[in-house]
Amino acid sequence: MGEGSTDTPQGVGHGGIEIGHVPVLLKEAIDFLAVRRGGTYIDATVGLGGHSLEIAKRLGAPGHLIGLDKDPAALEVARAKLTGGDFPRVTLLQCSFAEVGERFGSGFADGILADIGVSSLQLEDAARGFSFQAEGPLDMRMDPRSERTAEQVVNHLDERQLADVIYEFGEERRSRRIARAIVRSRPIRSTAHLADVISAAARPMNQAERRIHPATRTFQALRIFINRELDDLRALLEAAPRILKPGGRVVVISFHSLEDRIVKDAFRDGIKDRYFRVLTKKPVTATKEESDRNPRARSAKLRAAERV
Ligand SMILES: C[S@@+](CC[C@H](N)C(=O)[O-])C[C@H]1O[C@@H](n2cnc3c(N)ncnc32)[C@H](O)[C@@H]1O
């Protein structure tokens, strides 16, 4: 881990919850960003501020750090962390990173970091409805102002639409069977109820499937659909080349193949159209040591590109 980095879980209290948050691929992300003292950097997914804190330390007082998150609870935690002696000006905005194209002008930033997906704050708070391992309401919204909740999707989409969502965003081969079981069990009112319905419908067929909970892919699919995660990522990557200064860098950490494919394709287009130089031939993954310490790091893939 890099100098001053966070390699032990931090006990950040929020609403009575103890959060063990360990930023993923921290040293690698900071190295690829090549943070310049006094520069302007956008952390598109500030979350609990783990990556932002390292960026802030390197930016120093003359710098400017803009932190975005859809989740106001995350911004509150990050705000408390991002103050200190030689710290840059910090601007935290509750918005989607899909809005960067509208919010920032050409050549605004020296670097953009996106560490996409859910935070431990969201996963570990049963009341947010992200986890199939705890009883909670069917919510799954990163932005509590947005209208679409898991409750609406699970109870109101027709069977075919539901199966398509589960297949497309969860890459779940048993999507039709799961959608049928969900429709038959309506109304479904909690995460635990939904997880039980899925488990009964989709028993693991082989040893490999036994390793993950039968509801994993369906919950992932619902979360991606509800939060429009893939569309947001495409919008961010489309806007990034314009917002970056020449020599500025974009670093993306993703957690499943659907996201990684979008990043890979956007960078490939960037090479073709001569606005990106790709810095990672293959995605960077966590070391064994990091994966052992932080299971979430196991599926992380980092890609980086430089504006030419
Ligand atoms: C994996 S966490 C980031 C953790 C952060 N790097 C840290 O070290 O604490 C991802 C965060 O991104 C936010 N997020 C996900 N998609 C977003 C989007 N489209 N726009 C803004 N924030 C988003 C989530 O709410 C969550 O807080």
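Results for (1) more than 23 Å from Ser119 (Cβ to Cβ); (2) at pLDDT 95 or above; (3) not aromatic (Phe, Trp, Tyr); (4) not assigned by TED's automatic domain parsing to the domain that holds His51, shown as yes or no for each residue.
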{"residue": "Phe255", "(1), (2), (3), (4)": "no, yes, no, no"}
{"residue": "Leu258", "(1), (2), (3), (4)": "no, yes, yes, no"}
{"residue": "Val263", "(1), (2), (3), (4)": "no, yes, yes, no"}
{"residue": "Arg268", "(1), (2), (3), (4)": "yes, yes, yes, no"}
{"residue": "Lys282", "(1), (2), (3), (4)": "yes, yes, yes, no"}
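Given the conditions (1) away from the ligand (no atom under 14 Å from the Cβ); (2) in contact with a Gly (Cβ under 9 Å, 6 or more places away or on another chain), and given that Asp139 satisfies all but one, which numbered condition is not satisfied?
Result: Asp139 fails condition (1) only.
Filter the range 102-119 down to residues that are of a type outside the set (A, V, I, L, M) and near the ligand (Cβ under 8 Å from one of its atoms) and give me whichever is farthest from the chain's Cα centre (by Cα).
The qualifying residue farthest from the chain's Cα centre (by Cα) is Ser119.
Can you find a residue in the range 129-146 that is open to solvent by less than 50 Å² (accessible area, probe 1.4 Å) and outside any loop (DSSP other than H, G, I, E, B)?
Taking every residue of the range 129-146 in turn, none turns out to be open to solvent by less than 50 Å² (accessible area, probe 1.4 Å) and outside any loop (DSSP other than H, G, I, E, B).
Quick one: Pro283 ticks every box in (1) open to solvent by less than 20 Å² (accessible area, probe 1.4 Å); (2) away from the ligand (no atom under 15 Å from the Cβ); (3) touching a Leu at 6+ places or on another chain (Cβ under 9 Å) bar one, so which box is it?
Condition not satisfied by Pro283: (1).
Only one residue in Glu151, Glu124, Glu135, Glu159 is touching a residue at least 40 places away in the same chain (Cβ under 8 Å) and more than 21 Å from the chain's Cα centre (by Cα), so which one is that?
Answer to the check: Glu135.
Please state which one of Arg177, Arg228, Arg186 is within 16 Å of the ligand (Cβ to nearest atom), touching a residue at least 24 places away in the same chain (Cβ under 8 Å) and surrounded by fewer than 22 Cβ atoms within 10 Å (Cβ to Cβ).
Arg228
Can we say Glu168 is open to solvent by 60 Å² or more (accessible area, probe 1.4 Å), away from the ligand (no atom under 14 Å from the Cβ) and either closer than 30 Å to Leu25 by Cβ or outside any helix (DSSP H, G or I) (or both)?
So Glu168 fits the description; yes.
What about Ala221, is it over 20 Å from the mean Cα position of the chain (by Cα), within 24 Å of Lys301 (Cβ to Cβ) and within 16 Å of the ligand (Cβ to nearest atom)?
For Ala221, the condition - over 20 Å from the mean Cα position of the chain (by Cα), within 24 Å of Lys301 (Cβ to Cβ) and within 16 Å of the ligand (Cβ to nearest atom) - is not met.
Take Lys288 and tell me if it is under 30 Å from Ile55 (Cα atoms), surrounded by fewer than 15 Cβ atoms within 10 Å (Cβ to Cβ) and in the same structural domain as Asp31 (by TED's automatic domain parsing).
So Lys288 passes the test.
Give me the residue from the range 206-218 that is of a type in the set (A, V, I, L, M, F, W, C) and open to solvent by 10 Å² or more (accessible area, probe 1.4 Å) and, out of that set, modelled with the lowest pLDDT.
Ranking the candidates gives Ala208 first.
Assess whether Gln94 counts as being in contact with a Pro (Cβ under 7 Å, 6 or more places away or on another chain) and within 11 Å of the ligand (Cβ to nearest atom).
The answer is yes for Gln94.
Residue by residue, here is whether (1) buried (at least 17 other Cβ atoms within 10 Å of the Cβ); (2) touching a Lys or Arg at 6+ places or on another chain (Cβ under 8 Å); (3) polar (S, T, N, Q) holds:
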{"position": "Pro88", "(1), (2), (3)": "yes, no, no"}
{"position": "Thr91", "(1), (2), (3)": "no, no, yes"}
{"position": "Ser96", "(1), (2), (3)": "yes, yes, yes"}
{"position": "Gln122", "(1), (2), (3)": "yes, yes, yes"}
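I need the full set of residues from the range 30-74 which are within 12 Å of the ligand (Cβ to nearest atom) and among the hydroxyl-bearing types (Ser, Thr, Tyr), in order please.
Thr45, Ser52
For the range 149-165, which positions are part of a helix (DSSP H, G or I) and either loosely packed, with under 15 Cβ neighbours inside 10 Å or touching a strand residue (DSSP E or B) at 6+ places or on another chain (Cβ under 8 Å) (or both)?
Selection gives Glu151, Gln152, His156, Glu159, Arg160, Gln161.
The values are calculated or read from the model by the stated rules, or taken from the named source; none is laboratory data. It should be emphasised that the depicted structure is a prediction, and the values quoted were computed from it without experimental measurement. Virtual Cβ from ideal backbone geometry, glycine too; neighbours counted across all protein chains shown. With ligands, DNA and RNA removed, areas are computed over all heavy atoms of the protein, side chains included. Shrake-Rupley method; radii C 1.70, N 1.55, O 1.52, S 1.80 Å.
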